[in-house]
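Here's the structure, in structure tokens; my notes come after.
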Amino acid sequence: MKAWKVGGAVRDALLGRPGSDIDWVVTGSTPEAMQAAGYVPIGRDFPVFLHPVTKQEYALARTERKTAPGYHGFVFHTAADVTLEDDLARRDLTINAMAQDENGTLIDPYGGQRDLQARLLRHVSPAFAEDPVRILRLARFAARFTDFQVAPETHALMRGMVNAGEVDALVAERVWQELSRGLMEAQPSRMFDVLHDCGALARLLPEIDAEWRPHADTALQRAIDLAAQREAPLAVRFAVLVHRFGQGTASEMQSAIDAALQALHLVRARWRIPADCREVAEGVLREHRAVLRGDAMNAPSLVALLSRCDAWRRPERFAQMLQACEVVLQADAMVSGGQPFNAADTRSLVRLRQAMARAATVDAGAVAQRAAQRGLRGPEIGAAVHAARVSAVAEVPQGEPSD
């Protein structure tokens, strides 16, 4: 029995990047021998164990055989005679198919170190084509390793996979898992470039593919990457990604909003987008036009907008909506005018934040209690709370938000 450090931890150490979680592969052993040595089994699809002391994961070396389309269509084989090279051969990219022994000696049978130096994302073997999730993983790595390129032969292989329908067999959970992780990488636009180039984006997100201009500096690409530079949370990045839904599909504003929300509904149902991402995106699609006019609004209009956004009960979500709108506004200005963005361009957003802060000082419960004591009921109490908020917001001069 011998344990080998494999995968991302080896790759990132060679790149001088912060360490990934350490994965271990064990050769020359069996599930029974692992348990006898105190390892705790946790794997459902194939034998994976927790170390009895470090609690790190140790997987038995394995091979795999394709038996059906899609991500789940594999049969795994583990045995004491499966070698380290056999295990590494089943991995996706050469840069992920390296190992180190206990002395730190590099085992690199498929040229991973060479491709690290050449900044190439290259598949290990034709078996790459058996798992469509690998297309998404490679695209995600392109968003992380921003100076790497896809090897031409790997690009051709991915396009062949798309044409063969492999991408159509992907399950929703894995698609969203990889897309969301890619959105959180350093340059998310590169993920969509890769997916577009191989044809996968048209299958997975045709709503985005219709807008995408690969390897270009459009407002959409700039906005997605700017959200990453701002270290925005996932919900903000997703809202930025979909903020152009519905544009160009209808002439009237409400019709355009309805079309955008319908497109978002289809994406949500297709890939099971989580509620927080959906809610922020819905708010941006409904209200971003109003948000960008905030500097021209009077106090009643500002409070009405805040109410529509449910800002009183969901202030964090409202803040994320504003952050997404700010990123979009900045990206549009940078691409259309080529000028650096400055604080003066965010007057509307500043005024909305000021209005929210002022309105939040109103003790709605106390106002409602006083209104009830005056004999007001139901909608009349709501109107009293609304009036108190309008009065508080009116203290922020229109067009001249305070510091």
Query raised in the report: Can you give the extra length, in nm with one decimal, that the chain gains between Glu231 and Ala33 once fully stretched, where that is 0.36 nm per residue apart less the Cα-Cα distance?
Result: 66.7 nm
Query raised in the report: How much length is gained if the chain between Ala357 and Asp310 is pulled fully straight, taking 0.36 nm per residue apart and subtracting their Cα-Cα distance, in nm to one decimal?
Result: 15.5 nm
Report task. Could you tell me how many degrees, from 0 to 90 and to the nearest 10, lie between the Cα long axis of helix 275-291 and the main elongation axis, the longest principal axis, of the Cα atoms of the chain? Result -> 40 degrees
Report summary line: region 99-118 scanned against label point 7 Å out from Gln56 along Cα→C-beta; backbone N under 16 Å for 99-107
Query raised in the report: Between Gln113 and Glu153, what is the spin-label point distance in nm, taking each point 7 Å from the Cα along the Cα→C-beta axis?
Result: 2.1 nm
Query raised in the report: Tell me, what is the FRET efficiency for Ala366 and Ala172 to the nearest 0.05, using R0 = 51 angstrom and their Cβ-Cβ distance as r?
Result: 0.65
Query - For the chain: rounded, prolate or oblate by the Cα gyration tensor [a/c cutoff 1.5] - result: prolate
Report task. Work out the charge dipole of the chain with +1 on the Cβ of Lys and Arg and -1 on the Cβ of Asp and Glu about the Cα centre, then indicate which of His215, Met321, Thr83 is farthest towards its positive end. Result -> Met321
**Report entry** Range in the chain, longest, excluding exposed GluC sites (Glu not before Pro) [loop by DSSP; at most 12 other beta-carbon atoms within 10 Å]
**Finding:** 253-394
**Report entry** 15 Å reach of a label modelled at Ala387, 7 Å along Cα-to-Cβ, counting backbone N of region 293-331
**Finding:** 300
Query - 4 °C / 1.567 mPa s Stokes-Einstein diffusion coefficient of region 1-114, Kirkwood radius on C-alpha pairs, µm²/s - result: 88 µm²/s
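Read-outs: derived from the displayed coordinates by stated rules, not from any lab. Remember, it's a predicted structure, so these values are computed and weren't measured experimentally. Cβ atoms come from the backbone with ideal geometry, glycine included; neighbour counts cover every protein chain shown.
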